[in-house]
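Student: Input: one structure, supplied below.
The values are calculated or read from the model by the stated rules, or taken from the named source; none is laboratory data. It should be emphasised that the depicted structure is a prediction, and the values quoted were computed from it without experimental measurement. With ideal geometry, Cβ positions are generated from the backbone for all residues, glycine too; neighbour counts draw on all protein chains shown.
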Number of protein chains: 2
Amino acid sequence: MENSHSKVHFFPVDVTVEIEKGKTILDAAYKGDLFINALCGGDGTCGKCKVILGSGMIESMPTTHISVSEAQKGFVLACSTKVMGNLEVIIPEESKLDKSQILAGEFPQFSGSLAAATSRVEHFRREPLVNKVYLELPQPTLDDSMADYERLCRGIMMKTDVSLEKLTINFDVLKCLPGILRSSDWKVTVTLGYRGSSVEIIEIQGGDTREGNYGVAVDVGTTTVVAHLLNLSRGETIDIEATYNSQIKYGDDYIQRIIYAAENTAMDIMQEVLIEDINHLVFTLVKRNHLTIHDINAVVCAGNTVMTHFLIGLDPTNIRKEPYLPAASFVPPLRAHEVGMKINNNGLLYNLPCVGAYVGGDISSGALAIRLDKAEMLSLLIDIGTNGEIVLGNKDWMVCCSASAGPSFEGSGISCGTRAAKGAIEKLTIRKNYDVSYKTIGDAPASGICGSGLLDCLANLVRSGVIDRTGNFQKGINSDRLRRTDNGYEFILVDRSETSTKRDIVITQADIQNLLRSKAAIYSAISTLLESMGMEPNNIEQLYLAGGFGNYLDVRSAITIGMLPDVSASKVQFVGNTSVLGAKMALLAKDAYEVARVIASRMTYFDLMCNNKYMEEYVSANFLPHTDIEKFPSVAEELMVS
Amino acid sequence: MENSHSKVHFFPVDVTVEIEKGKTILDAAYKGDLFINALCGGDGTCGKCKVILGSGMIESMPTTHISVSEAQKGFVLACSTKVMGNLEVIIPEESKLDKSQILAGEFPQFSGSLAAATSRVEHFRREPLVNKVYLELPQPTLDDSMADYERLCRGIMMKTDVSLEKLTINFDVLKCLPGILRSSDWKVTVTLGYRGSSVEIIEIQGGDTREGNYGVAVDVGTTTVVAHLLNLSRGETIDIEATYNSQIKYGDDYIQRIIYAAENTAMDIMQEVLIEDINHLVFTLVKRNHLTIHDINAVVCAGNTVMTHFLIGLDPTNIRKEPYLPAASFVPPLRAHEVGMKINNNGLLYNLPCVGAYVGGDISSGALAIRLDKAEMLSLLIDIGTNGEIVLGNKDWMVCCSASAGPSFEGSGISCGTRAAKGAIEKLTIRKNYDVSYKTIGDAPASGICGSGLLDCLANLVRSGVIDRTGNFQKGINSDRLRRTDNGYEFILVDRSETSTKRDIVITQADIQNLLRSKAAIYSAISTLLESMGMEPNNIEQLYLAGGFGNYLDVRSAITIGMLPDVSASKVQFVGNTSVLGAKMALLAKDAYEVARVIASRMTYFDLMCNNKYMEEYVSANFLPHTDIEKFPSVAEELMVS
């Protein structure tokens, strides 16, 4: 065995991984729990997973992503380089995906939504999906010889509004009932799990154990998985943990993962790695807070439709085939251990309901979080993550769609694009003299540009006249930042002397076209939804921006490039991670969970892929800000266009 | 290993069983699936398990149950004789418990109840607890892109009255849904299992498979287990099978079995052997009717409270301790395989609800079968099996109790008593000249007396003046049938020349006292129930006699001895095995299942063990027919007492 394996020593983290010969450096990194930026999922197309080979024997495939000078420095793509002997590998700053960076970068935003959760859940009666009730049952006598289970039910009915017809019991629990009742002098705490049509007694404990009732709300994203630990009896958020979705290794977007799973009959693996991520988060939260997994009685997951399918082991194959059908939009609550989730043995897993193939539980969760179902004002919710979803409506009606924005706002397909992690440029200004000033996350040396930085960049390029309204570089400008390479023109944003990667951070003509297509997709989706309801952008009274990207986004830049419609900034509100926020509300109040179901069932889903109006809009929106400048009066003024 | 084991060769069945040395002959018989009459459960007290040792080495305990002459013929008690080498053992006729005899003896009665089931279920809408519905779903299109599961639910709602809120799905079934829908051109049959507050989709099959929907109704008795196979889509009973409850080896009555289970931590074993009996019945039914266990989607069990506990693995220990509490009276439907029952993997097990510790699901089933909940007339239901239970009431109220009648009507504690099997005396008359005429089951040579024969015997002894109204033999009568033995007087009913056992069939003074106590228990229970409601025997408008013993019982004899109150014979109706009948009604109509719950919850249970009135009544009833002859005017006339 030993000589069929090799050791890969990673620097600067100083982790050594033993792996079978013939596996890739990326495989070794995943095995060592080291996340390497591999947006394409390891098929060699994104060129993001560059590592430096210190020493050792490899087998590598030719790639255009490594320049000659890089090759000389030892750069290889981790995903297409096979380990053939013991290696020393350096993971450069820009290729790293460090879990602590997600947290560092997103923690303030979570805190924001934490406060929001507390206030927002007040809309609902505080009755967690899994609730603990303390009972002091009357001792049985010859005159009151009701059976143990019926005595328990009677006690529950006297303390709650659960009817006898709705009560059911987990069978293993029933078996233990007589012993627990007698050993605890008929004073017990029952854990009641809401299952929609029924309420299940999932645990009975002697004495008063109401304090020990915890739940976890999970935002199951395509890229990141974020978990919040809640004390359900107090209604408090206790801790937060996040990780990258380990499915990344099988594809950056979920369509790639569906294909991978289908081609490799790897549906089980998709489920396993995702559940493993969640188990890991739960275990970390539990350990850090001196709890046990037994204390976790419920998990509420909000994920897009594909993530929800993978999570519970449903085949999502038909989602990508016309007419784009999920196996299920709403999955009734189920026992968490049925899908391998490690919480209390009888604990329940709730998935927030999906609306359609491309609008999932994260969006019904988001609509719940902003209480769209109660909104008097016409509201627009835009959630931009790995995908972009849009909901328009108020308390009377809701329409929604998914915009094929692509992952360019997460840095994919953009030469110096990166996720919103430490060192990423999140704000950027180009002055009249073409000088660039910028701010990075954590004020670290720049490693690349994340979504909000890219929006600023595009807006500033057009404002400063570096590009025209079609997005083309104005070759006549007087700046040596604009240069021509073998692949066309590019504009230097940060000189290599200032970067952590020791390479220039640039934006290329191809990058600009990618960003244009992405912003056009979002704008035209908004515009199609509005038109379908006979409305215009100025009818929008509230615009909610959700998603990891939301909080850092400069609204003015987003309007200048024509991604958002030309609304007053006062109407815009950043709402953070509404997916996890809605999940928390559901966890704390079963009525909120039911409202999410109502929201999902009331939303009308528009499929844009076959929508002619959308295609027309999309073409018009591939312009800065739009072919019809009259739709953007404030931008016309800003850019002095008439 | 081999020399620690011995072979026991049983005759006349010609079965050889290999068994560990030191085990008893009874153990060997059970291992060989040979039932030996061992009413006491094998502790040597009943003396029923006599076998004849042909050859071989044994170790035996002294017993008073074997006379000297029997010992000389090789008789030993199977339960207290250890196998110490290879043996040849003859099982005499009277010690056999032959399964075919239960069926032969009880089949006509079942047929009667079969007809009844068909007519009685008509009271209810015919909707089985587990129902199959055929759906032709519309093909999805871009305009109708509802998810698979929601599409299925919509189809179900259009064909049934199940609401969306109530529908749940078994998780393994959901996983297969997309594949089945597409491979069967969206034409599927769903199996819907009623679970009280919810309706579960337990199976989805391509095409129209409505025909293949079967269920089994089981009367789980302390002594026998009877199973009826039903075609649920047609509402027809197809076949019947019965067996002895294998728990018999651990005790003849359920109190003995509770003690055995507690002392030997054998709760699991109690469940296993009972489930194994049911599995065996189901398998036999399925095989004989060319089905598979997969076709069996539901089992409804009606058993007394202790059997119900053992069946589902609940500890019945507290049932025999004051204040006599079951762990549960009603157990919600559960997946049959959870208790080891081998039917369709997602098939459901329903247990009819118990009323209290000593009035079980067999009695609520019985009350359902006679539609006591709809009765205009004051009705009395008496179910005499291993125990005797009594229900009094009408559509407005119901009271019930259990009479500690003891098993004497099943032949236990009676010197020549036997179960109602082939050769048992079921009818008997004593003429003026003390000659005895009798009829045996199957007209075979007499082997003993079963319950109905014992009632006739007691009635005829008092009518003919062989005993007086206290039950004592009148030594002065002119008949050599009355003789004195070491154990007191006995009356010879059948001369050894006519019996299959080659021994006289007699009734002893001790037998008479046992029977008196049993009949007194039943009468005083009836009388206590009546009194508690301020009523008298002549208020009874309908008297239903249920149980194995019912159909053969001579009502006049039962009144003469004062077991039944003095009512007109026209008010008495034999209703056979109402336990299985009610279970069948529930299986075929979920409304009937719900009515059984209502009945159980409406019945007021009287515990007689601590009831002073009952004790007084009992003392008065230890007389033929009663100390107060005015309560039995027709008997006063018959016996010419004034």
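Student: Any idea which of (1) in a helix (DSSP H, G or I); (2) surrounded by 24 or more Cβ atoms within 10 Å (Cβ to Cβ); (3) among the small types (Gly, Ala, Ser) is the one A:Ser402 doesn't satisfy?
Tutor: Result: A:Ser402 passes all but (1).
Student: Considering only residues that are assigned to a helix (DSSP H, G or I) and touching a residue at least 40 places away in the same chain (Cβ under 8 Å), look in the range A:317-329 and name the one that is nearest to the other protein chains (Cβ to nearest Cβ). Please lay out each step first, then the result.
Tutor: Looking only at the range A:317-329, we keep the residues that are assigned to a helix (DSSP H, G or I), and these are A:317-320.
Retained after the next criterion (residues that are touching a residue at least 40 places away in the same chain (Cβ under 8 Å)): A:317, A:319-320.
On the way: A:Thr317: 7, A:Ile319: 9, A:Arg320: 13 Å.
Among those residues, the one meeting the criterion is A:Thr317.
Student: Tell me, please, whether a residue that is surrounded by 15 or more Cβ atoms within 10 Å (Cβ to Cβ), in contact (Cβ under 8 Å) with a residue 40 or more places away in the chain and closer than 30 Å to B:Val359 by Cβ can be found in the range B:484-500.
Tutor: No: zero hits.
Student: Assess whether A:Ser464 counts as being surrounded by 17 or more Cβ atoms within 10 Å (Cβ to Cβ), without any contact (Cβ under 8 Å) to a residue 40 or more places away in the chain and within 15 Å of A:Ile507 (Cβ to Cβ).
Tutor: Yes: the conditions hold for A:Ser464.
Student: Quick check on the range A:49-62: of everything there that is closer than 17 Å to A:Lys502 by Cα and touching a Ser or Thr at 6+ places or on another chain (Cβ under 7 Å), which residue is surrounded by the fewest Cβ atoms within 10 Å (Cβ to Cβ)?
Tutor: Per the stated criteria, the residue is A:Lys50.
Student: Continuing with this model, one more query. Can you tell me how many residues within the range B:168-180 are more than 8 Å from chain A (Cβ to nearest Cβ) and either farther than 17 Å from B:Lys132 by Cα or touching a Gly at 6+ places or on another chain (Cβ under 9 Å) (or both)?
Tutor: 4
Student: Turning to a different aspect of this structure: Among the residues of the range B:423-431, are any among the acidic types (Asp, Glu) and touching a Gly at 6+ places or on another chain (Cβ under 6 Å)?
Tutor: Scanning the range B:423-431, I find at least one residue that is among the acidic types (Asp, Glu) and touching a Gly at 6+ places or on another chain (Cβ under 6 Å), so the answer is yes.
Student: Could you tell me whether the range A:372-389 includes any residue that is assigned to a loop (DSSP other than H, G, I, E, B), basic (Lys, Arg) and outside the structural domain of A:His309 (by TED's automatic domain parsing)?
Tutor: No, there is no match, as no residue in the range A:372-389 is assigned to a loop (DSSP other than H, G, I, E, B), basic (Lys, Arg) and outside the structural domain of A:His309 (by TED's automatic domain parsing).
Student: What's the number of the condition B:Met609 fails, among (1) more than 14 Å from every other protein chain (Cβ to nearest Cβ); (2) touching a residue at least 40 places away in the same chain (Cβ under 8 Å)?
Tutor: If we test B:Met609 against (1) more than 14 Å from every other protein chain (Cβ to nearest Cβ); (2) touching a residue at least 40 places away in the same chain (Cβ under 8 Å), just (1) comes out false.
Student: Could you look through the range A:330-362, keep only residues that are surrounded by fewer than 24 Cβ atoms within 10 Å (Cβ to Cβ) and of a type in the set (D, E, K, R), and pick out the one that is nearest to the other protein chains (Cβ to nearest Cβ)?
Tutor: Out of the qualifying residues, it is A:Glu338.
Student: Can you find a residue that is of a type in the set (A, V, I, L, M, F, W, C), under 21 Å from B:Leu129 (Cβ atoms), outside the structural domain of B:Ser80 (by TED's automatic domain parsing) and touching a Lys or Arg at 6+ places or on another chain (Cβ under 9 Å) anywhere in the range B:248-267?
Tutor: no
Student: Here's a follow-up. Would you check if B:Tyr593 is within 30 Å of B:Leu129 (Cβ to Cβ), outside any helix (DSSP H, G or I), within 14 Å of chain A (Cβ to nearest Cβ) and in contact (Cβ under 8 Å) with a residue 24 or more places away in the chain?
Tutor: no
Student: Taking the range B:246-284, which residues are in contact with a strand residue (DSSP E or B) (Cβ under 8 Å, 6 or more places away or on another chain) and touching a residue at least 40 places away in the same chain (Cβ under 8 Å)?
Tutor: Within the range B:246-284, B:Ile248, B:Leu274, B:Asp277, B:Ile278, B:Leu281, B:Val282, B:Thr284 meet the criteria.
Listed here are the residues, each with its yes/no results for (1) closer than 17 Å to A:Asn351 by Cα; (2) crowded, with 24+ Cβ neighbours inside 10 Å; (3) in contact with a helix residue (DSSP H, G or I) (Cβ under 9 Å, 6 or more places away or on another chain).
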| position | (1), (2), (3) |
| --- | --- |
| A:Gly221 | yes, yes, yes |
| A:Val226 | yes, yes, yes |
| A:Ile240 | no, no, yes |
| A:Ile258 | no, yes, yes |
| A:Ala262 | no, no, yes |
| A:Ala266 | no, no, yes |
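Student: To continue, here is another question. Just give me the residues in the range A:123-150 being part of a helix (DSSP H, G or I) and at the interface with another protein chain (Cβ under 8 Å from one of its Cβ atoms), in sequence order. Quick ask: steps written out before the conclusion?
Tutor: Applying the first criterion (part of a helix (DSSP H, G or I)) to the range A:123-150 yields A:123, A:148-150.
Scanning the range A:123-150 gives A:Asp148, A:Tyr149, A:Glu150.
Student: Just the residues that are part of a loop (DSSP other than H, G, I, E, B), in contact with a Leu (Cβ under 8 Å, 6 or more places away or on another chain) and touching a residue at least 40 places away in the same chain (Cβ under 8 Å), please, taken from the range A:172-211.
Tutor: Listed by number, the residues that qualify are A:Trp186, A:Arg195.
Student: Tally up the residues in the range A:481-504 that are assigned to a loop (DSSP other than H, G, I, E, B) and either touching a Cys at 6+ places or on another chain (Cβ under 7 Å) or more than 18 Å from A:Ile414 (Cβ to Cβ) (or both), please.
Tutor: Filtering the range A:481-504 down to residues assigned to a loop (DSSP other than H, G, I, E, B) leaves A:481, A:486-487, A:495, A:500-504.
Still in the running and either touching a Cys at 6+ places or on another chain (Cβ under 7 Å) or more than 18 Å from A:Ile414 (Cβ to Cβ) (or both): A:486, A:495, A:502.
The total comes to 3.
Student: Name the one entry in A:Leu543, A:Leu608, A:Leu564, A:Leu581 that is out of contact with any Ser or Thr (no Cβ under 8 Å at 6 or more places or on another chain) and of a type in the set (A, V, I, L, M). Lay out the reasoning, then the answer.
Tutor: Details: A:Leu543 fails: out of contact with any Ser or Thr (no Cβ under 8 Å at 6 or more places or on another chain); A:Leu608 fails: out of contact with any Ser or Thr (no Cβ under 8 Å at 6 or more places or on another chain); A:Leu581 fails: out of contact with any Ser or Thr (no Cβ under 8 Å at 6 or more places or on another chain).
After applying the criteria, what remains is A:Leu564.
Student: Can you name every residue in the range B:334-350 that is over 13 Å from B:Val216 (Cβ atoms) and touching a strand residue (DSSP E or B) at 6+ places or on another chain (Cβ under 6 Å)?
Tutor: B:Leu334, B:Asn346
Student: Only one residue in A:Ile204, A:Ile248, A:Ile169 is surrounded by 20 or more Cβ atoms within 10 Å (Cβ to Cβ) and modelled with pLDDT under 90. Which one?
Tutor: Going through A:Ile204, A:Ile248, A:Ile169 in turn, just one is surrounded by 20 or more Cβ atoms within 10 Å (Cβ to Cβ) and modelled with pLDDT under 90: A:Ile248.
Student: With B:Arg257, B:Arg288 as the choices, which residue is under 17 Å from the mean Cα position of the chain (by Cα) and basic (Lys, Arg)?
Tutor: Among B:Arg257, B:Arg288, only B:Arg257 is under 17 Å from the mean Cα position of the chain (by Cα) and basic (Lys, Arg).
Student: So A:Met533 clears everything in (1) surrounded by fewer than 22 Cβ atoms within 10 Å (Cβ to Cβ); (2) within 30 Å of the chain's Cα centre (by Cα); (3) over 29 Å from A:Glu376 (Cβ atoms) except one condition, right? Which one?
Tutor: All conditions are met except number (3).
Student: Pick out, from the range A:1-61, the strands (runs of 3 or more DSSP E) lying fully within it that include 3 or more residues that are under 30 Å from A:Ile258 (Cβ atoms) and either modelled with pLDDT under 85 or not aromatic (Phe, Trp, Tyr) (or both).
Tutor: Filter on the range A:1-61 gives A:15-20.
Residue-by-condition table, conditions (1) more than 14 Å from every other protein chain (Cβ to nearest Cβ); (2) more than 22 Å from B:Glu150 (Cβ to Cβ); (3) in contact with a His (Cβ under 8 Å, 6 or more places away or on another chain):
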| residue | (1), (2), (3) |
| --- | --- |
| B:Arg182 | no, no, no |
| B:Tyr194 | no, no, no |
| B:Ile202 | no, no, no |
| B:Gln205 | yes, no, no |
| B:Asp219 | yes, yes, no |
| B:Leu229 | yes, yes, no |
| B:Ser233 | yes, yes, no |
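Student: Kindly establish whether B:Gly303 is of a type in the set (Gly, Ala, Ser) and either surrounded by fewer than 23 Cβ atoms within 10 Å (Cβ to Cβ) or more than 28 Å from B:Glu127 (Cβ to Cβ) (or both).
Tutor: So B:Gly303 does not fit the description; no.
Student: Restricting the range A:6-36 to residues that are farther than 15 Å from A:Met84 by Cβ and among the acidic types (Asp, Glu), which is surrounded by the most Cβ atoms within 10 Å (Cβ to Cβ)?
Tutor: The extreme case among them is A:Asp33.
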